[in-house]
Amino acid sequence: MKRLNDDGKKLSRRTNFVCAAPAYLKKYGTPYTLSELSEHNCLLGTRDYWHFIENNKKAGKERNMRVSGTVQYNSGHSLVDAALKGLGIVQLPDYYVQRHLASGALVSLLDNYREPEESIWAVYPHNRHLSPRIRLLVDYLTERLV
């Protein structure tokens, strides 16, 4: 999140999806509410909580929900691989799971609780001149993360 005395450049956008392989859902059932996640094996990344928006009649209320499971990786690619093998449910950004969702290898879950699209920013202090290397990096990321 940008602070008042920072400058930044919007690099891209992302949406997080909760998903699982059809084989996992056939064996363990499909969660339809956030509370049902406690009955499932959640594949963990670097955090032990997932972020949701409760889209009810009130304004969307943000909610961080602690999840647990038997698998934890610090790699999105490893988490996708575990989900594809039917080891559990995962929450990952679209750029990891979109093609698997499109092919049916993964199924999107809890769509009513999905966060809105969020922006990815390069943020830097506004009162400092950016070095040419940092400027090149920001420009490179801007081109690649479309």
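Could you go through the stretch 51-61 and let me know if any residue there is in contact with a His (Cβ under 6 Å, 6 or more places away or on another chain), in contact (Cβ under 8 Å) with a residue 24 or more places away in the chain and part of a loop (DSSP other than H, G, I, E, B). No, there is no match, as no residue in the stretch 51-61 is in contact with a His (Cβ under 6 Å, 6 or more places away or on another chain), in contact (Cβ under 8 Å) with a residue 24 or more places away in the chain and part of a loop (DSSP other than H, G, I, E, B). Name every residue in the stretch 81-92 that is out of contact with any Gly (no Cβ under 7 Å at 6 or more places or on another chain) and either touching a residue at least 40 places away in the same chain (Cβ under 8 Å) or part of a loop (DSSP other than H, G, I, E, B) (or both), in order of residue number. Hits for the stretch 81-92 are A83, L84, K85, G86, L87, I89, V90, Q91. Can you confirm whether G88 is in contact with a Leu (Cβ under 9 Å, 6 or more places away or on another chain) and closer than 30 Å to H40 by Cβ? The answer is yes for G88.
Residues of the stretch 103-117 that are open to solvent by 80 Å² or more (accessible area, probe 1.4 Å) and either part of a loop (DSSP other than H, G, I, E, B) or touching a Leu at 6+ places or on another chain (Cβ under 6 Å) (or both): P116, E117. Pairs linking a residue in the stretch 63-80 that is charged (D, E, K, R) to a residue that is not in a loop (DSSP other than H, G, I, E, B), with Cβ atoms under 6 Å and 6 or more positions apart or on different chains, are R63/F52; R63/E54; R66/Y49.
Condition check ((1) in a loop (DSSP other than H, G, I, E, B); (2) at pLDDT below 95) across all residues:
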| site | (1), (2) |
| --- | --- |
| S12 | no, yes |
| V18 | no, no |
| Y24 | no, no |
| K27 | no, no |
| P31 | yes, no |
| E36 | no, no |
| L43 | no, no |
| R47 | yes, yes |
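The condition (being farther than 19 Å from L11 by Cα and modelled with pLDDT of 80 or more) is satisfied by just one residue among D111, D94: D111.
The values are calculated or read from the model by the stated rules, or taken from the named source; none is laboratory data. Given the structure is predicted, the values throughout are model-derived calculations rather than measurements. In this analysis, Cβ positions are derived from the backbone assuming ideal geometry, glycine residues included, and neighbour counts consider all displayed protein chains. Each accessible area value is taken on the protein alone, full model and side chains, heavy atoms only, with ligands, DNA and RNA left out. Shrake-Rupley method; radii C 1.70, N 1.55, O 1.52, S 1.80 Å.
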